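**Q** To start, I am sharing the structure in question, which I have written as structure tokens.
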Amino acid sequence: MDWDEHVVAYFSTVKDGNISIKESLSKASGVGNRQTFFALNKIDLMRGVFCQQTHSDNIYVVEESDAGRGSVSFETGIPDTDALLTNIPGITLNILVADCVPILLYDPVKKAVGAVHAGWRGTMKLILKKTIIKMTAQYGCEQKDIVAEIGPSIGPDCFEVGEEVILAAKEVDLESFVIHRNGKAYFDLWESNKYQLIANGVKEENVKISGICSHCSSDYFSFRRDKNANRFAAGITIK
Ligand SMILES: [Zn+2]
């Protein structure tokens, strides 16, 4: 992704290997893959920050003292958190996904960045809306300045859902993003997250949906397709 010269944003792919270190089986290869990927992209892994994602709406403001948390050990990651914010140069905020939606945020005026993990639970908890509000409160960002990319994740043609998701969508007025087709129900995670941005002051022209479905594309891990613990990463750092 190419926003401006002050920011680096990335999505890793299958070719970079599994980036998760949560499961003991994947830990060794996950750390090695992180080291290789970060070195290739000239990003300092030891100033990366990862969180222990729980499908919550908890947002954490990353400070200098957090640099390196979760980088090579799951246990030191920010606990019970699904969105990270910072304005400190050189710290990389990282989110791990395989079908869930990674969203990267950048305010080029206040030089603040965010990374959000929004599966369907986080989407229904309006984590993206809450992160935008937190960015404005924390850093004085104006919504009109914020740019966003909604990254590779399971698309509306593949994300078949059941009653639990439909009911949750109704509760937060997102039922217009439920799609009924051939007797099945699908949910549009991309547009429902874009809506949370636009409805809260982000300009439509500043929101990009990658449009890549992780379930269809062999370039990205998909939990529904692969049924394993492999994850790819989305990250952002201010230079
Ligand atoms: Zn698909």
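The values are calculated or read from the model by the stated rules, or taken from the named source; none is laboratory data. Since we're looking at a predicted model, the values are computed, not measured. As a convention, Cβ positions derive from the backbone with ideal geometry for all residues, glycine included, and neighbour counts pool all protein chains shown. Just the protein is used for accessible areas: all its heavy atoms, side chains included, with ligands, DNA and RNA removed. Shrake-Rupley method; radii C 1.70, N 1.55, O 1.52, S 1.80 Å.
**Q** Surrounded by 21 or more Cβ atoms within 10 Å (Cβ to Cβ), at pLDDT 95 or above, outside any loop (DSSP other than H, G, I, E, B) and not basic (Lys, Arg), is that true of ILE133?
**A** So ILE133 fails the test.
**Q** Within segment 75-110, work out how many residues are small (Gly, Ala, Ser) and touching a His at 6+ places or on another chain (Cβ under 6 Å).
**A** Final tally of qualifying residues: 0.
**Q** Also, quick follow-up: For segment 189-224, what are the residues that are within 13 Å of the ligand (Cβ to nearest atom), closer than 11 Å to ILE150 by Cβ and open to solvent by less than 40 Å² (accessible area, probe 1.4 Å)?
**A** Result: LEU189, TRP190, SER210.
**Q** Name every residue in segment 154-172 that is outside any helix (DSSP H, G or I) and either more than 10 Å from the ligand (Cβ to nearest atom) or surrounded by 14 or more Cβ atoms within 10 Å (Cβ to Cβ) (or both), in order of residue number.
**A** Within segment 154-172, ILE154, GLY155, PRO156, CYS158, PHE159, GLU160, VAL161, GLY162, VAL172 qualify.
**Q** Could you grab the pairs with beta carbons closer than 7 Å, sequence gap of 6+ or different chains, first residue in segment 208-225 and on the phi < 0 side of the Ramachandran plot and outside any loop (DSSP other than H, G, I, E, B), second one near the ligand (Cβ under 8 Å from one of its atoms) and open to solvent by 90 Å² or more (accessible area, probe 1.4 Å)?
**A** CYS213/ASP157
**Q** If a residue must be more than 17 Å from ASP16 (Cα to Cα) and surrounded by fewer than 17 Cβ atoms within 10 Å (Cβ to Cβ), how many such residues does segment 225-239 contain?
**A** 2
**Q** Another question, if that's okay. Filter segment 62-90 down to the residues that are surrounded by 17 or more Cβ atoms within 10 Å (Cβ to Cβ) and touching a residue at least 60 places away in the same chain (Cβ under 8 Å), then identify the one that is farthest from LYS130 (Cα to Cα).
**A** So, considering only residues that are surrounded by 17 or more Cβ atoms within 10 Å (Cβ to Cβ) and touching a residue at least 60 places away in the same chain (Cβ under 8 Å), the one farthest from LYS130 (Cα to Cα) is ILE88.
**Q** Any chance segment 184-198 includes a residue that's within 20 Å of LEU174 (Cβ to Cβ) and touching a His at 6+ places or on another chain (Cβ under 9 Å)?
**A** Yes: segment 184-198 contains one or more residues that are within 20 Å of LEU174 (Cβ to Cβ) and touching a His at 6+ places or on another chain (Cβ under 9 Å).
**Q** Looking at segment 105-116, can you tell me whether even one residue there is touching a strand residue (DSSP E or B) at 6+ places or on another chain (Cβ under 8 Å), small (Gly, Ala, Ser) and under 17 Å from LYS194 (Cα atoms)?
**A** There is at least one residue in segment 105-116 that is touching a strand residue (DSSP E or B) at 6+ places or on another chain (Cβ under 8 Å), small (Gly, Ala, Ser) and under 17 Å from LYS194 (Cα atoms).
**Q** Output the residue which, of all residues in segment 173-188 that are in a loop (DSSP other than H, G, I, E, B) and surrounded by fewer than 15 Cβ atoms within 10 Å (Cβ to Cβ), is nearest to the ligand (Cβ to nearest atom).
**A** ASN182
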